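This report concerns only the one structure given below.
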Amino acid sequence: MTFENSNAPQSWHATTILMVRKGSHVVIGGDGQVSLGQTIIKGNAKKVRRLGKGNVISGFAGATADAFTLFERLEAKLEQYPGQLTRACVELAKDWRTDRYLRRLEAMMLVADKSVGLVLSGTGDVLEPDGGIMGIGSGGMYALSAARALADSTHDAEHIVRRSMGIAADICVYTNHSLIIESIDI
């Protein structure tokens, strides 16, 4: 019989978020599972949403409250720099690294508009993924691998996201099949 240390901190496990830019669409999909330790707390959380005036889509992996803080901060940056997603993200990353409160946030984000898709992290990263495909979260690398394998197929971006997220959910215990999908025409 194994006993866990009751004083050990339990962490909220991540999620799976996937972005695919292909053809005339950019799509971000995320699963709905929220876990605390070995327990599923919620199965249909909305981790993908539209920002700005609906022309930016974003998904997060990590602590939920931290992600909502980052969504709000990114919204403010998008208002300050309308139509300049990259600039807004760079300014958010600067704040994230230098602000004493923001520095403690534990989340990652994928964001996209018509012209660019980016990964943002608390280490100051603002990266544009190769080939327009990126996955984050506990099942992110599974979804990323599946999406890269499907990228040269005749399937559109949404089909690739749905199929790849399904594959990740079949492998990663912190990912489920309850998907939220958002897309933008490019």
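The values are calculated or read from the model by the stated rules, or taken from the named source; none is laboratory data. All of these numbers come straight from a predicted model, not from anything done at the bench. In this analysis, Cβ positions are derived from the backbone assuming ideal geometry, glycine residues included, and neighbour counts consider all displayed protein chains.
Quick notes
- Residues (β-branched (Val, Ile, Thr) and part of a strand (DSSP E or B)) located in segment 68-115: 111
- Hits in segment 134-156 - residues which are out of contact with any Ser or Thr (no Cβ under 7 Å at 6 or more places or on another chain), farther than 24 Å from residue 66 by Cα and among the aliphatic types (A, V, I, L, M): 149, 151
- If you filter segment 14-71 down to residues that are surrounded by fewer than 24 Cβ atoms within 10 Å (Cβ to Cβ) and hydroxyl-bearing (Ser, Thr, Tyr), you find that the one that is modelled with the lowest pLDDT is 64.
- Residue count, segment 116-175 (criterion: assigned to a helix (DSSP H, G or I), touching a helix residue (DSSP H, G or I) at 6+ places or on another chain (Cβ under 6 Å), in contact (Cβ under 8 Å) with a residue 24 or more places away in the chain and crowded, with 22+ Cβ neighbours inside 10 Å): 7
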